[in-house]
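Colleague: Just passing along the structure, written as structure tokens.
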There are 2 protein chains.
Amino acid sequence: MTSTPELPLRNEFFLPTNSEVGAHRLLNDADKPCTYLCGNSLGLMCKRSRELVEEELGVWATRGVIGHFDHPQKRDWVGLADHARPYLAEIVGANEKEVACMSTLTTNLHLMMNSFYKPTSERYKILCEAKAFPSDQYAFASQAQAHGLDPVKTVLELSPRPGEYCLREEDILKVIEQDGPSIAVVILSGVQYYTGQWFPMQSITQKAKEQGCICGWDLAHAVGNVPLSLHDWDVDFAVWCTYKYLNSGPGGIAGLYVHEKWNDSLKPKYSGWWGHDPLTRFAMPSQFSPVEGAGGFQQSNPSILAIASLLGSLQTFRKAGMMAPLRKQSILLTSYLEKLLFQSKYFVPLEEVSTKYKEGKGPPGFTIITPRDTKDRGAQLSLLFLPSGTGVMQQIFESLQSHGVIGDERQPDVIRLAPIHLYTNEADCEAAAQYLNKAFDEFEAQAS
Amino acid sequence: MTSTPELPLRNEFFLPTNSEVGAHRLLNDADKPCTYLCGNSLGLMCKRSRELVEEELGVWATRGVIGHFDHPQKRDWVGLADHARPYLAEIVGANEKEVACMSTLTTNLHLMMNSFYKPTSERYKILCEAKAFPSDQYAFASQAQAHGLDPVKTVLELSPRPGEYCLREEDILKVIEQDGPSIAVVILSGVQYYTGQWFPMQSITQKAKEQGCICGWDLAHAVGNVPLSLHDWDVDFAVWCTYKYLNSGPGGIAGLYVHEKWNDSLKPKYSGWWGHDPLTRFAMPSQFSPVEGAGGFQQSNPSILAIASLLGSLQTFRKAGMMAPLRKQSILLTSYLEKLLFQSKYFVPLEEVSTKYKEGKGPPGFTIITPRDTKDRGAQLSLLFLPSGTGVMQQIFESLQSHGVIGDERQPDVIRLAPIHLYTNEADCEAAAQYLNKAFDEFEAQAS
Ligand SMILES: Cc1ncc(COP(=O)(O)O)c(C=O)c1O
Ligand SMILES: Cc1ncc(COP(=O)(O)O)c(C=O)c1O
């Protein structure tokens with residue numbers, strides 16, 4: 001593959017070594033970086049994040065409460081979340097006031113649903129993909145229940161066609177068209193966590209709007225991964241976490257977007273002082289007067305350590321030139337990994353799976369359920385191990401780990417691998433393919 | 001004063017120096033610790049907190065995603081919040097399952113109100129203190145509005161008698177008795193942020209329960225400050241932040257308590273995967289099955305850096321012997337500071353203020369609006385500067401700061417000073433009184 005010249009920025013990151021991740025079969029390369037393909041679950045730490053966290057610890061140690069208003073690096077804590085906004089706005093394709101850096105993903109999802117989901121007897125359904133991330137499923141069900149509605153009748157799930165894993169654009173649009181008048185909110189994930197499918201966000205949003213539905217997105221796996229234009233696509237709201245492609249660290253602070261067209265008509269349902277106009281926030285008037293835009297949804301003063309850690313990564317995004325070059329690099333890397341996987345003798349094209357694995361039997365192998373077209377996916381490839389339900393995945397996963405290839409397992413049969421634009425290189429892709437083949441070879445040898 | 005032998009644990013903390021806090025009139029003592037009396041706003045950083053944050057950064061750097069389940073210090077991130085629970089339970093007087101370490105204060109307040117506030121046409125009021133912390137006021141008003149109620153008619157505020165600053169127990173109990181049948185939720189702050197009054201929590205809770213009201217508490221200024229027995233007092237719910245007396249750092253992770261008697265009948269209204277039974281959380285079933293107790297209210301995976309920082313302080317609390325010795329030390333310190341302030345020639349006893357400052361005129365001075373009885377207050381003393389509304393406070397505040405005395409100003413007339421059991425010493429109290437007198441001397445000299 002031909003890499004974009006400046007990327008990856010491996011040196012900006014802490015790369016766990018083989019020994020550190022327990023790669024016990026790579027004793028000779030114990031101190032070399034492992035093959036980290038799990039940035040879709042937890043992004044690696046960049047050096048700038050560590051630096052900024054250390055700096056904030058230092059300010060706390062030396063200034064105490066004064067850091068809120070008089071910060072040696074001019075990052076007064078009282079406004080620190082606002083430092084993240086320009087970056088986040090650019091990454092999701094929005095105006096600065098349309099985004100807020102706050103709280104956590106599921107909490108933000110509820111905040112948004114609390115303001116946007118207003119079911120009536122005609123228009124009450126929540127449309128999402130089947131097998132959405134469980135937290136979203138729980139959130140949608142509880143939102144329905146909060147309005148006295150039966151989740152089973154309220155939450156409408158989009159399922160793939162029989163034998164397929166991804167949703168077809170035409171099928172999604174058809175459901176929105178057919179059920180439109182009864183759908184209150186269309187809320188899918190931008191990139192599906194399990195299959196890696198990048199949904200056609202623009203056309204779904206457009207169709208939802210045509211049908212008078214609110215359209216929101218869970219961008220957990222999309223933000224920092226694929227280019228987004230929330231404002232121009234006319235998306236109503238979106239929420240995301242930052243610990244995946246945005247590398248903010250475990251449980252990092254989340255984000256939220258609200259289209260500015262809602263500024264006048266939509267107020268936060270459950271307010272807190274951090275959403276109050278900063279000019280009078282500390283005068284502490286008893287009447288709530290929200291910040292215009294997404295910021296009005298803030299309830300509490302946010303964790304400074306969490307924001308500092310995120311900021312370090314966002315500055316590294318800037319150094320890389322933000323999403324355009326990163327997306328280019330990401331396509332190159334994922335395509336390269338895919339090419340190597342296609343060459344594996346254990347690879348089974350998706351369209352051959354049903355005939356080759358009749359009644360769940362057949363030789364050990366794998367297929368890729370993520371769409372092939374780069375416009376329908378982000379960085380992640382989801383490998384489905386065959387025959388399904390026979391435990392092949394688990395053994396391969398452990399073998400990969402013992403060779404320092406860190407992916408992410410989803411029981412019973414899937415391993416997700418995500419080369420990351422900022423820090424993965426070609427050799428990582430090659431190592432993943434090589435050790436995958438080795439794992440299969442050994443699996444076969446064992447079985448015979 | 002006679003100090004408890006082991007306290008303070010000053011050496012366990014980073015004490016900002018005079019030069020670091022901008023004490024420009026103490027050039028000769030520039031490198032000595034400042035007089036930090038602002039732990040009621042932001043607690044200082046203890047060394048163990050820094051250590052633990054550094055350790056978690058190290059785990060992220062060296063293990064990436066593996067830290068969630070296989071942590072070198074046996075603090076798997078997936079369960080890290082649970083490490084804080086035993087400490088928090090002990091500090092608030094609850095069983096472990098009754099508390100959760102999660103989210104932020106105002107957000108938790110809404111979560112609790114969402115489950116506990118169920119207004120009917122007869123019983124719909126929210127009883128709180130007048131001039132509650134603004135975030136709470138906004139929260140209560142928006143909770144009323146979310147149910148289509150008028151906040152003005154719904155939120156019932158307890159005001160002090162004319163000319164008084166604190167609420168009298170008898171007055172609070174009388175209102176609960178008189179309005180009981182129309183009150184849905186009694187929710188006050190445990191220790192009032194402005195006056196420093198520690199409300200008689202047990203008798204208020206008991207009276208509220210007698211009247212069939214839900215009783216909740218905002219413990220922002222109470223937790224880690226005064227001893228609490230939430231479970232035994234039969235408190236229904238409570239919420240708190242940890243960045244004040246619990247020293248977790250700016251915007252630190254918050255806490256939540258729900259009495260176990262609610263386990264069967266009360267479910268989280270808005271659910272998320274982190275409240276789901278951990279045994280099946282990663283199997284990701286589509287049906288939500290909450291953790292028993294407070295943990296079921298968790299929505300999202302929490303910030304590891306924020307928890308690590310809190311844990312460091314909680315371990316330091318343990319080292320100090322937890323709340324019993326700390327409260328003893330706190331009483332000694334605050335009483336000592338009060339004694340020194342009483343001796344100031346600028347001190348005006350509260351009962352003399354109205355006669356001495358007729359029509360808002362009189363010599364520069366100060367009184368203390370915090371209750372005198374130690375059973376009615378925590379660490380904080382709230383100084384009211386006189387004559388009120390004339391800007392005395394602002395000048396004194398700046399003078400104190402120039403001498404390294406860090407308190408907390410509340411416009412227009414109050415400075416709050418809080419000696420902290422864990423790290424304040426007698427000399428701090430003496431410095432505060434000394435520089436306060438000096439500030440007044442200079443103020444007078446200027447004026448004449
Ligand atoms: C009594 C009280 N309630 C609520 C809050 C708001 O806290 P947060 O911003 O953590 O939600 C504070 C903050 O100082 C407080 O003192
Ligand atoms: C698509 C999606 N939604 C929601 C969540 C839940 O995130 P949180 O725990 O930050 O609320 C995740 C977490 O991985 C996710 O991938």
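The values are calculated or read from the model by the stated rules, or taken from the named source; none is laboratory data. Please read these numbers as outputs of a predicted model, since none were measured by experiment. All Cβ positions, glycine included, derive from the backbone under ideal geometry; neighbour counts span all protein chains shown.
Colleague: Does the range A:225-247 contain any residue that is in contact with a Lys or Arg (Cβ under 8 Å, 6 or more places away or on another chain) and within 16 Å of ligand 2 (Cβ to nearest atom)?
Modeller: The first filter runs over the range A:225-247 and keeps only residues in contact with a Lys or Arg (Cβ under 8 Å, 6 or more places away or on another chain), leaving A:225-227, A:234.
If we keep only those that are within 16 Å of ligand 2 (Cβ to nearest atom) too, we end up with A:225-226.
Checked the range A:225-247: at least one residue is in contact with a Lys or Arg (Cβ under 8 Å, 6 or more places away or on another chain) and within 16 Å of ligand 2 (Cβ to nearest atom).
Colleague: Let me ask something else about it. Touching a residue at least 60 places away in the same chain (Cβ under 8 Å) and of a type outside the set (A, V, I, L, M): does that describe A:Lys47?
Modeller: Working: touching a residue at least 60 places away in the same chain (Cβ under 8 Å): yes; of a type outside the set (A, V, I, L, M): yes.
Here the answer is yes, as A:Lys47 does meet what is asked.
Colleague: From the list B:Leu57, B:Leu42, exactly one residue is touching a His at 6+ places or on another chain (Cβ under 8 Å) and within 9 Å of chain A (Cβ to nearest Cβ). Which is it?
Modeller: Values: B:Leu57 fails: touching a His at 6+ places or on another chain (Cβ under 8 Å).
Of B:Leu57, B:Leu42, the one residue that is touching a His at 6+ places or on another chain (Cβ under 8 Å) and within 9 Å of chain A (Cβ to nearest Cβ) is B:Leu42.
Colleague: If you don't mind, another one. With the structure loaded, tell me whether A:Ser335 is surrounded by fewer than 18 Cβ atoms within 10 Å (Cβ to Cβ), more than 12 Å from chain B (Cβ to nearest Cβ) and either more than 16 Å from ligand 1 (Cβ to nearest atom) or on the phi > 0 side of the Ramachandran plot (or both) or whether it fails that test. Step through it out loud before you land on a result.
Modeller: Numbers: surrounded by fewer than 18 Cβ atoms within 10 Å (Cβ to Cβ): yes; more than 12 Å from chain B (Cβ to nearest Cβ): yes; either more than 16 Å from ligand 1 (Cβ to nearest atom) or on the phi > 0 side of the Ramachandran plot (or both): yes.
Spelling it out, A:Ser335 is indeed surrounded by fewer than 18 Cβ atoms within 10 Å (Cβ to Cβ), more than 12 Å from chain B (Cβ to nearest Cβ) and either more than 16 Å from ligand 1 (Cβ to nearest atom) or on the phi > 0 side of the Ramachandran plot (or both).
Colleague: For A:Cys101, are the conditions met, namely being at pLDDT 95 or above and surrounded by fewer than 24 Cβ atoms within 10 Å (Cβ to Cβ)?
Modeller: Details: at pLDDT 95 or above: yes; surrounded by fewer than 24 Cβ atoms within 10 Å (Cβ to Cβ): no.
For A:Cys101, the condition - at pLDDT 95 or above and surrounded by fewer than 24 Cβ atoms within 10 Å (Cβ to Cβ) - is not met.
Colleague: Using the structure shown, decide if B:Thr367 is of a type in the set (Ser, Thr, Tyr) and in contact with a Ser or Thr (Cβ under 8 Å, 6 or more places away or on another chain). Give the derivation first.
Modeller: Details: of a type in the set (Ser, Thr, Tyr): yes; in contact with a Ser or Thr (Cβ under 8 Å, 6 or more places away or on another chain): no.
So B:Thr367 fails the test.
Colleague: Does the range A:87-120 hold any residues that are small (Gly, Ala, Ser) and either in contact (Cβ under 8 Å) with a residue 40 or more places away in the chain or at positive phi (or both), and which are they?
Modeller: If the condition is that a residue be small (Gly, Ala, Ser) and either in contact (Cβ under 8 Å) with a residue 40 or more places away in the chain or at positive phi (or both), then A:Gly93, A:Ala94, A:Ala100, A:Ser103, A:Ser115 are the ones that fit.
Colleague: Within the range A:259-295, how many residues are touching a strand residue (DSSP E or B) at 6+ places or on another chain (Cβ under 9 Å) and surrounded by 24 or more Cβ atoms within 10 Å (Cβ to Cβ)?
Modeller: 5
Colleague: Name the residue, out of A:Asp232, A:Asp277, A:Asp264, A:Asp218, that is within 16 Å of ligand 1 (Cβ to nearest atom) and acidic (Asp, Glu). Quick ask: steps written out before the conclusion?
Modeller: Working: A:Asp232 fails: within 16 Å of ligand 1 (Cβ to nearest atom); A:Asp264 fails: within 16 Å of ligand 1 (Cβ to nearest atom); A:Asp218 fails: within 16 Å of ligand 1 (Cβ to nearest atom).
Only one candidate qualifies: A:Asp277.
Colleague: Quick one: which of A:Gln197, A:Gln192 is in contact with a His (Cβ under 8 Å, 6 or more places away or on another chain), buried (at least 24 other Cβ atoms within 10 Å of the Cβ) and at pLDDT 95 or above? Spell out the reasoning first.
Modeller: Numbers: A:Gln197 fails: in contact with a His (Cβ under 8 Å, 6 or more places away or on another chain).
Within the list A:Gln197, A:Gln192, the selection yields A:Gln192.
Colleague: Another question, if that's okay. Hey, can you tell me all the residues within the range B:288-299 that are polar (S, T, N, Q) and within 16 Å of ligand 1 (Cβ to nearest atom)?
Modeller: B:Gln299
Colleague: Within the group A:Lys319, A:Lys375, A:Lys328, which residue is closer than 28 Å to A:Trp240 by Cβ, touching a Leu at 6+ places or on another chain (Cβ under 8 Å) and surrounded by fewer than 21 Cβ atoms within 10 Å (Cβ to Cβ)?
Modeller: That would be A:Lys319, the only listed residue that is closer than 28 Å to A:Trp240 by Cβ, touching a Leu at 6+ places or on another chain (Cβ under 8 Å) and surrounded by fewer than 21 Cβ atoms within 10 Å (Cβ to Cβ).
Colleague: Specify the residue that is farthest from B:Glu6 (Cα to Cα); the eligible residues are those in the range B:292-306 that are more than 14 Å from ligand 2 (Cβ to nearest atom) and within 13 Å of another protein chain (Cβ to nearest Cβ).
Modeller: B:Gly296
Colleague: I want to confirm something. Restricting to the range A:9-39 and keeping residues that are of a type in the set (Ser, Thr, Tyr) and surrounded by fewer than 24 Cβ atoms within 10 Å (Cβ to Cβ), which single residue is nearest to the other protein chains (Cβ to nearest Cβ)?
Modeller: If we filter the range A:9-39 for residues that are of a type in the set (Ser, Thr, Tyr), which is where we start, we get A:17, A:19, A:35-36.
Within this subset, residues satisfying the condition of being surrounded by fewer than 24 Cβ atoms within 10 Å (Cβ to Cβ) are A:17, A:19.
Values: A:Thr17: 7, A:Ser19: 9 Å.
In this case the residue turns out to be A:Thr17.
Colleague: Taking only pairs six or more apart or across chains, which ones have beta-carbon atoms under 9 Å, a first residue in the range A:427-439 that is surrounded by 17 or more Cβ atoms within 10 Å (Cβ to Cβ), and a second residue that is in a helix (DSSP H, G or I) and among the β-branched types (Val, Ile, Thr)?
Modeller: So the pair list comes out as A:Cys429/A:Thr334; A:Leu436/A:Ile396; A:Ala439/A:Ile396.
Colleague: On to the next question. Can you find a residue that is within 16 Å of ligand 1 (Cβ to nearest atom) and within 13 Å of another protein chain (Cβ to nearest Cβ) anywhere in the range A:308-327?
Modeller: If we filter the range A:308-327 for residues that are within 16 Å of ligand 1 (Cβ to nearest atom), which is where we start, we get none.
No, that holds for no residue.
Colleague: Next up: It is to be established whether one or more residues within the range A:379-396 are out of contact with any Cys (no Cβ under 8 Å at 6 or more places or on another chain), more than 22 Å from A:Leu37 (Cβ to Cβ) and at pLDDT below 95. Outline the logic, then answer.
Modeller: Residues of the range A:379-396 out of contact with any Cys (no Cβ under 8 Å at 6 or more places or on another chain): A:379-396.
Subset that is more than 22 Å from A:Leu37 (Cβ to Cβ): A:387, A:389-390.
Then keep just the ones that are at pLDDT below 95; that gives A:389-390.
The answer is yes; a qualifying residue exists.
Colleague: Take the residues in the range B:57-77 that are among the hydrophobic types (A, V, I, L, M, F, W, C) and surrounded by 17 or more Cβ atoms within 10 Å (Cβ to Cβ); name whichever of them is nearest to A:Glu55 (Cα to Cα).
Modeller: So the first thing to find is which residues in the range B:57-77 are among the hydrophobic types (A, V, I, L, M, F, W, C), and the list is B:57, B:59-61, B:65-66, B:69, B:77.
Then keep just the ones that are surrounded by 17 or more Cβ atoms within 10 Å (Cβ to Cβ); that gives B:57, B:59-61, B:65-66, B:77.
Values: B:Leu57: 13, B:Val59: 19, B:Trp60: 18, B:Ala61: 17, B:Val65: 24, B:Ile66: 26, B:Trp77: 23 Å.
The residue in question is B:Leu57.
Colleague: Moving to a separate point now. Take the range B:1-44 and flag every residue that is in contact (Cβ under 8 Å) with a residue 40 or more places away in the chain and aromatic (Phe, Trp, Tyr).
Modeller: Within the range B:1-44, B:Phe13, B:Tyr36 qualify.
Colleague: Does any residue of the range B:94-103 turn out to be facing chain A (nearest Cβ under 8 Å), under 27 Å from B:Leu326 (Cα atoms) and within 16 Å of ligand 1 (Cβ to nearest atom)? Don't jump to the end; show me each part of the working.
Modeller: Initially, the range B:94-103 is screened for residues facing chain A (nearest Cβ under 8 Å), giving B:103.
From what is left, the residues that are under 27 Å from B:Leu326 (Cα atoms) are B:103.
Next, only the ones that are within 16 Å of ligand 1 (Cβ to nearest atom) stay: B:103.
Yes, the range B:94-103 has at least one match.
Colleague: Also: Across the range A:121-174, what is the number of residues that are within 14 Å of chain B (Cβ to nearest Cβ), free of Cβ contacts under 8 Å to residues at least 60 places away in the same chain and either within 16 Å of ligand 1 (Cβ to nearest atom) or of a type in the set (Gly, Ala, Ser) (or both)?
Modeller: So the count comes out to 9.
Colleague: Next question. Within the range A:175-289, considering only helices (runs of 4 or more DSSP H) that don't extend past its boundaries, which have at least 3 residues that are within 14 Å of another protein chain (Cβ to nearest Cβ)?
Modeller: Details: elements: A:201-210, A:230-233, A:278-281.
Once the helices (runs of 4 or more DSSP H) in the range A:175-289 are filtered for at least 3 residues that are within 14 Å of another protein chain (Cβ to nearest Cβ), what remains is A:278-281.
Colleague: Considering only residues that are part of a loop (DSSP other than H, G, I, E, B) and of a type in the set (S, T, N, Q), look in the range B:298-316 and name the one that is surrounded by the fewest Cβ atoms within 10 Å (Cβ to Cβ).
Modeller: Here is the first cut: in the range B:298-316, the ones part of a loop (DSSP other than H, G, I, E, B) are B:298-303.
Of the ones still in play, those that are also of a type in the set (S, T, N, Q) are B:298-301, B:303.
Values: B:Gln298: 27, B:Gln299: 28, B:Ser300: 23, B:Asn301: 25, B:Ser303: 31.
It comes out as B:Ser300.
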